[in-house]
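Only the coordinates and a few stated rules stand behind these numbers; no lab work does. Fair warning: this is a prediction, and the values are worked out from it, not measured in the lab.
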Amino acid sequence: MICKNCKKVNSDDARFCIHCGSDLSNSNVAVEEGSVDKYFAEKKSAFIEEAKSLADSEMKQGIIWFVIALVITFGSYLFTSEGGTYYVFWGAMIYGIYRLIRGFWYKLNPESLLQKAEKEAKKDK
């Protein structure tokens with residue numbers, strides 16, 4: 001059993017903490033030492049793997065945005081008459097590059113994506 005006051009482990013049948021003397025009768029949950037840490041470490045590694053897959057998706061979407069904008073721009077250029085006007089989709093190209101770079105950053109630093117999600121969760125509360 002873990003003491004709520006000092007957070008140290010005591011035997012399951014103890015009524016008082018052997019480290020600080022606090023009453024353990026109100027904390028009736030028995031916890032194996034290190035199991036909570038192990039649980040959260042496993043959860044964090046699962047979240048990091050999910051963040052990496054989200055980063056891959058972000059990079060793919062960035063490439064798709066850029067290629068589509070490039071194809072439309074090239075098609076616009078091909079079908080103009082001589083001296084005519086054609087369209088360049090700079091905004092979509094830049095957005096595609098932005099998403100590609102952002103996905104690459106999240107792939108290298110998945111913890112930054114987790115921190116961003118934690119900040120948004122705190123803001124929603």
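For the chain, take the longest principal axis of its alpha carbons; what is the angle in degrees between that and the long axis of helix 90-108, to the nearest 10 within 0 to 90? Orientation of helix 90-108: about 30 degrees from the principal axis.
Checking the Cα-Cα distances for K4/K43; K4/K52; K7/K44; K4/K107; K4/K44; K60/K122 against a 32 Å cut-off, the pairs over it are K4/K52; K4/K107.
Please compute the alpha carbon radius of gyration of the chain, then divide it by the globular-protein estimate 2.2 N^0.38 Å. Two decimals is fine.
Details: Rg = 27.3 Å, N = 125, 2.2 N^0.38 = 13.8 Å.
Ratio of Cα Rg to 2.2 N^0.38 Å: 1.98.
Taking amide H as placed 1.01 Å from N in the peptide plane, S22 has its amide H under 5 Å from the amide H of C17, each at least 5 places away in sequence or on another chain. Between the helical axis of 35-78 and the longest alpha-carbon principal axis of the chain there is an angle of about 10 degrees. Its DSSP H runs of at least 4 residues, each contributing -39,500 (n - 2.57), put the calculated 222 nm mean residue ellipticity of the chain at -22000 deg cm²/dmol, to the nearest 500.
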